[in-house]
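The structure appears below as structure tokens.
The values are calculated or read from the model by the stated rules, or taken from the named source; none is laboratory data. Since the structure is predicted, the reported quantities are computational estimates derived from the model, not experimental observations. Using ideal geometry, Cβ is built from the backbone for each residue, glycine included, and neighbour counts are taken over all protein chains shown. Ligands, DNA and RNA are excluded from the accessible area calculation, which covers all protein heavy atoms including side chains. Shrake-Rupley method; radii C 1.70, N 1.55, O 1.52, S 1.80 Å.
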Amino acid sequence: MAYPALDPKTFTVLITGATSGFGDALARRYVAEGARVIATGRRVDRLEALKADLGDALHVAPLDVRELSSIEDLLNGLPEGFRDINVVIANAGLALGLGPAQEVDIADWRTMIETNVMGLANTVRATLPGMIARGGGHVVTMGSVAGDYPYPGGNVYGGTKAFVKQFALALRSDVQGTNVRVTNIEPGMVETEFSLIRFKGDEDKASSVYEGVTGMTADDVAETVFWATTLPRHVNVNRLQVMAVQQAFGPFDVKRV
Ligand code: NDP
Ligand code: 8X3
């Protein structure tokens, strides 16, 4: 027996990190499919530009995910038509630096942990009770292949994404019986502003990451999220790992003497 896919026109989607990359592509995709979208991020000019493009189906609100109270204030201040959130995409995050652990600036580690770990946990904690009270919903967390596979300089960034994966899996146990679905999306390299942020504005270093590679695009990631959230309601995608065809795995590094 076939069950119907969910109708995105019934979705009210909250997206963190919608001022760039995946979040921006997600906002555009869901609005195009008839959903109402709440787009958030710190850069207000970007939010206003997105609003100018997408119109009434989009509500924008400045948000730093590191502040739980800011997320709660945002939820309490939502206008009519945007209050019944049933899809939460905890996407905001960043990598800072690619140096070895023994040399990095500890402030970068703190920012990644506060954003990718606490910011994501804040987002989920603030939005779950409402979804459960309304009878269900879907939490999508943005993980990474870096949460599974170590690489030089991945240290704390990879650690935060391993947290996201395990948090998402554990969340499934907590919400069992509430009709809330949880999905961790785990992309490999995708050309967004990610590397520009990682290399602190060094455009040459950032673009060299993607040189000679037909990498995935933010739209490819938006497609996987859209697919997972519109599957019939009895289906839960726990984890979804996606990579560019040109990205794969290398051998273990053996230091010979
Ligand atoms: P971008 O740099 O293009 O976008 C990151 C987004 O996160 C921006 O909208 C930024 O908004 C937001 N953000 C960062 N810090 C905060 C904060 N404290 N509060 C609120 N928003 C914040 O990168 P991507 O789109 O590529 O990355 C999105 C997610 O996907 C991240 O979690 C990243 O780790 C993950 N990812 C990326 C991959 C890639 O190769 N690109 C691969 C796998 C996962 P603003 O600065 O305006 O606040
Ligand atoms: C971003 C992908 O490979 O740079 O999460 O860690 S990678």
**Q.** Qualifying positions in the stretch 212-237 - within 22 Å of Ala25 (Cα to Cα) and touching a residue at least 60 places away in the same chain (Cβ under 8 Å)
**A.** Thr217, Ala218, Asp219, Val221, Ala222, Glu223, Val225, Phe226, Ala228, Thr229, Thr230, Leu231
Q: Can you tell me which residue within the stretch 37-63, out of those that are in a helix (DSSP H, G or I) and surrounded by 14 or more Cβ atoms within 10 Å (Cβ to Cβ), is nearest to ligand 1 (Cβ to nearest atom)?
A: Arg46
Q.
Considering only the stretch 201-213, I want to know if a residue exists there that is of a type outside the set (Val, Ile, Thr), within 30 Å of Ile132 (Cα to Cα) and in a helix (DSSP H, G or I).
A. no
**Q.** Unique match (being open to solvent by 20 Å² or more (accessible area, probe 1.4 Å) and farther than 16 Å from Phe22 by Cα) among Met118, Met112, Met131
**A.** Met118
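Quick one: in the stretch 149-196, which of the residues that are acidic (Asp, Glu) and surrounded by fewer than 16 Cβ atoms within 10 Å (Cβ to Cβ) is farthest from ligand 2 (Cβ to nearest atom)?
Filtering the stretch 149-196 for residues that are acidic (Asp, Glu) and surrounded by fewer than 16 Cβ atoms within 10 Å (Cβ to Cβ), the one farthest from ligand 2 (Cβ to nearest atom) comes out as Asp174.
Going by what's in this entry, would Leu120 be described as in a loop (DSSP other than H, G, I, E, B) and of a type in the set (A, V, I, L, M, F, W, C)?
no
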Q: Could you please tell me which pairs satisfy a Cβ distance under 7 Å, a separation of 6+ or placement on different chains, a first residue in the stretch 245-257 that is surrounded by 10 or more Cβ atoms within 10 Å (Cβ to Cβ), and a second residue that is β-branched (Val, Ile, Thr)?
A: Gln246/Val213; Gln246/Thr214
**Q.** Count of residues meeting criterion [more than 10 Å from ligand 1 (Cβ to nearest atom) and either crowded, with 18+ Cβ neighbours inside 10 Å or among the hydrophobic types (A, V, I, L, M, F, W, C) (or both)] in the stretch 64-77
**A.** 3
Q. So which of Thr123, Thr141 ends up being surrounded by 17 or more Cβ atoms within 10 Å (Cβ to Cβ), under 19 Å from Phe194 (Cα atoms) and in contact with a strand residue (DSSP E or B) (Cβ under 8 Å, 6 or more places away or on another chain)?
A. Thr141
Q) Quick one: would you say Val31 is open to solvent by less than 50 Å² (accessible area, probe 1.4 Å) and either over 23 Å from Ala133 (Cα atoms) or without any contact (Cβ under 8 Å) to a residue 24 or more places away in the chain (or both)? A) yes
Q) In the set Val145, Val209, which member is within 14 Å of the chain's Cα centre (by Cα), within 15 Å of ligand 2 (Cβ to nearest atom) and touching a residue at least 12 places away in the same chain (Cβ under 8 Å)? A) Val145
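A quick yes/no check of all residues on (1) more than 25 Å from Val209 (Cα to Cα); (2) open to solvent by less than 40 Å² (accessible area, probe 1.4 Å); (3) not in a helix (DSSP H, G or I):
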{"position": "Pro4", "(1), (2), (3)": "yes, no, yes"}
{"position": "Leu14", "(1), (2), (3)": "yes, yes, yes"}
{"position": "Gly23", "(1), (2), (3)": "no, yes, no"}
{"position": "Ile85", "(1), (2), (3)": "yes, yes, yes"}
{"position": "Leu94", "(1), (2), (3)": "no, yes, yes"}
**Q.** Index of the failed condition, Asn184 passing every other in (1) under 29 Å from Leu6 (Cα atoms); (2) part of a helix (DSSP H, G or I); (3) touching a Ser or Thr at 6+ places or on another chain (Cβ under 6 Å); (4) not acidic (Asp, Glu)
**A.** (2)
